[in-house]
Amino acid sequence: MVTQSYAKKIVDLDEAKKERAIAERVELCDALGLPQQKILEPSVDRKFFYPEISGEELYVWRTFLPTIYQRSGRDGSSVRTWSDYHFDLIPNEALREIQAALDSNLFHDLEIWTPERSQRDPVAVGRLGQSVFLIARWGESLAPFEEIRRAVADRLLRGKIQELSISEKAGELLRAIALRLRDDIYFSGRSLFHTHCGVRSLRFEGIFSYSLRIRFCGRCGAECGTWRRLD
């Protein structure tokens, strides 16, 4: 079992160093005319201890690991209770990382995210309001994030192909287009004006940006237009 820790090393100052740091702060504040700053402790930046995930990265992790076990259980029916987690065996190293995060009092709550369909890369995260911070993840082999991102994008695209009843040939061509353009695409609606094979063509766009546009026939698989916007 492999464990990946996201905690950055924290170096504790001994008392002598702390006293020197305080003395230096007082001297600097006096010289700069900032008397009120002498009594203020430097604020704790949680990004220093654990990396924050947001935007595309957060979207990928939540899609890849849809089931949430929450320590506090205060979100009610939307998540499962932390104490009921039994999907896989959390290794001791990961348990130590979770305990260290709990003891740090940095977070309002802790959660475990899991696919709960296969034993692949569950993660423990800390929450501070709407912000989410990675604590640790574990598994038999930890897939690189880029591999997870591609798997999520492909799964979403396959699901949309099935939902829209796109022909098998057209679906494979669409996935080939996404691979060729090195972008992840999603369905954005049917074309209002363009038709092919007697039906309105389908529009797909970049999944994390709007730089990619594809117009595509869901019957024969013809690519009716592909372009990128140059920034």
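Would you call V60 in contact with a Lys or Arg (Cβ under 6 Å, 6 or more places away or on another chain), modelled with pLDDT of 85 or more and more than 16 Å from S5 (Cβ to Cβ)? Yes.
If you go through the range 109-163 and pick out every residue that is in contact (Cβ under 8 Å) with a residue 60 or more places away in the chain and in a strand (DSSP E or B), you end up with 13. Condition check: assigned by TED's automatic domain parsing to the domain that holds C217 and in contact (Cβ under 8 Å) with a residue 40 or more places away in the chain. Does A94 satisfy that? So A94 does not fit the description; no.
Residue by residue, here is whether (1) modelled with pLDDT of 75 or more; (2) of a type in the set (K, R); (3) surrounded by 13 or more Cβ atoms within 10 Å (Cβ to Cβ) holds:
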{"residue": "Y186", "(1), (2), (3)": "no, no, yes"}
{"residue": "L192", "(1), (2), (3)": "no, no, no"}
{"residue": "H196", "(1), (2), (3)": "yes, no, yes"}
{"residue": "S201", "(1), (2), (3)": "yes, no, yes"}
{"residue": "R215", "(1), (2), (3)": "yes, yes, yes"}
{"residue": "G218", "(1), (2), (3)": "no, no, yes"}
{"residue": "L230", "(1), (2), (3)": "no, no, no"}
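Could you grab me the full set of residues in the range 140-157 that are of a type in the set (G, A, S) and crowded, with 19+ Cβ neighbours inside 10 Å? Across the range 140-157, the qualifying residue is only A153. Exactly one residue out of A101, A94 is part of a helix (DSSP H, G or I) and touching a Pro at 6+ places or on another chain (Cβ under 9 Å), and it is A94.
The values are calculated or read from the model by the stated rules, or taken from the named source; none is laboratory data. What you see is a predicted model, and the numbers here were worked out from it, not measured in a lab. All Cβ positions, even for glycine, are placed from backbone atoms using ideal geometry, and neighbour counts span all protein chains on display.
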